[in-house]
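The structure appears right after this line, and notes come after that.
Every number here is computed from the coordinates shown, using simple stated rules; none is lab data. None of the values given here were measured: they were computed from a predicted structure.
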Amino acid sequence: MKYNSNIALILANFLTFIFLSCQQESEKPSSPSNTSPVVSNSNVSGTNSISVVVSADYLFTSGNDGKGKNTLFCLDPKKGTLVWKRDDFFVPTDRTSFLLYKGILFVAGAESIYALNANTGLTIWKTSVFSSPNSPCIVDDLLYIYAQTGNLYAIDANNGKIIWTTSIGSKVSDQISPSTSSPTVVNNILYVGGGDGRVYAVDAKTGSKKWDYSTGGSIINSSPAVVNGTVYIGSSDKKIYALDANTGLKKWDFQTKGSVTSSPTVAGDKVFIGSFSEIIYALNANNGEKIWQYQIPDAEGYGYFVSSPIVVNNCLYIGSTTGRLFCFDSSKGTIKWLYKSDPSNRPIASIYEIKSSPIVANGLVYVNAGFCYTNKTGAIIALNAEVGGLIWSFSDACGEMSPVLITKDGKTYHSGVSGMQQ
């Protein structure tokens, strides 16, 4: 009996290897030595539940090669050196983010979702969603995507099979621009902002709508944070909303001076969020009263906060379109340090704008800075999280993509749920 079980196990691993090799044959990454890594069946475990054994620490981001070609980069997070890259499919550089789960990197490309082996960059599966998708989230092996057609998808993370799809919000043709809100799932309920200015709650298992709430805005680009039974989200009507997670009833709202596309972070009894009004706010999470605010000085020129904040060890990190990365004391709102991403140190650093949301891991803060178009200017930078000193920069990465990181022991860092990495 033991002998037959061993044969079955060997056969299962062999078939998994053959299946993955067939899927990846035409889509291979480039490594620094210009050789193509290969998948080993020792890196992929299981046939029904796919997972990858991560062999090192990896940082993932995207950028432009300066010739108009978007590229996915895998970097050594300690040194900023290239491990592998992919440029054979359209990789987003705008305000989306990759997702890491069980050693698999999920990438929202143009009209498709890719699942890649984090060690090698080789494709495990690819699924079409017929429109540019926003940043994904994943719970219990289900990958959730909100596409810019207004469709929500639940996809089996193991094989790319679409489990259910439902339409919410407006389609692209019905709105000025598609929503860039990304879903959050808590207690089997999915929350997302729609292209019609509504906040939606959907059953995560079935896709059926539970409730929706209409803000005063025409579109929601902010992604929701759900903490202690409350949904926090910004809208284009210049307001921040707190809604009951079960019913959708409004608990409170706060009026800012500009459209709110930044996504909120809740830390303790405070909710933090930026806006197009050059101001970042710290509000009381229970009643919406303002605790502190910081406004970009006029001397730095017009700027705003699209980057979403993250709070680690009482330090709030956020980037601005003036090219500054700030570290605030999250209790008081005082600046602990700031880093200017423009090497020329000009007072207005718009070409080095930081719309990317930072992540913090192992004493370093990572963020993308700069434009990322045909003539790209900028880099992904790694700074000392305590004092803001530059550790390294990788100049081929730029744009609004928020980086993600995975360690050898499988721990992931991202701008994630409520901007908190705990």
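Hey, can you grab everything whose amide H is under 5 Å from the amide H of Ser112? Only 5+ residues off in sequence or another chain; H modelled, so Pro and N-termini drop out.
Excluding prolines and chain starts, which carry no amide H, the hits are Val129.
Could you go through segment 311-319 in sequence order and give the Karplus-derived ³J(HN,Hα) for each residue, using 6.51 cos²θ - 1.76 cosθ + 1.60 with θ = phi - 60°, rounded to whole Hz, and x for Gly and Pro?
Values per residue, Gly and Pro as x: 10, 9, 6, 6, 10, 9, 9, 7, x Hz.
Once phi is turned into θ = phi - 60°, what whole-Hz ³J(HN,Hα) does the Karplus curve with 6.51, -1.76 and 1.60 give for every residue of segment 240-252, x standing for Gly and Pro?
Residue by residue, segment 240-252 yields 10, 10, 10, 10, 5, 5, 8, 10, x, 6, 6, 8, 6 Hz.
Taking amide H positions as placed 1.01 Å from N in the peptide plane, with prolines and chain starts having none, which residues 5 or more places from Thr256, or on another chain, fall under 5 Å of its amide H?
Lys239, Ile240
Between Asn246 and Leu338, what length comes free when the chain is fully extended (0.36 nm per residue of separation minus the Cα-Cα distance, one decimal in nm)?
Once the chain is fully extended between Asn246 and Leu338, it gains 29.2 nm.
Residues with amide H under 5 Å of Val186's amide H, sequence separation 5 or more or different chain, H placed in the peptide plane at 1.01 Å from N; which?
It is Tyr191, by chain and number.
List, in the order given, every pair from Lys102/Lys126; Lys78/Lys332; Lys210/Lys355; Lys102/Lys270; Lys78/Lys408 whose Cα-Cα distance in the structure shown is over 24 Å.
In this structure, Lys78/Lys332; Lys210/Lys355; Lys102/Lys270 exceed 24 Å between Cα atoms.
Can you work out ³J(HN,Hα) from phi for every residue in segment 380-386, in order, using Karplus 6.51 cos²θ - 1.76 cosθ + 1.60 and θ = phi - 60°, giving whole Hz and x for Gly and Pro?
8, 10, 10, 10, 5, 5, 8
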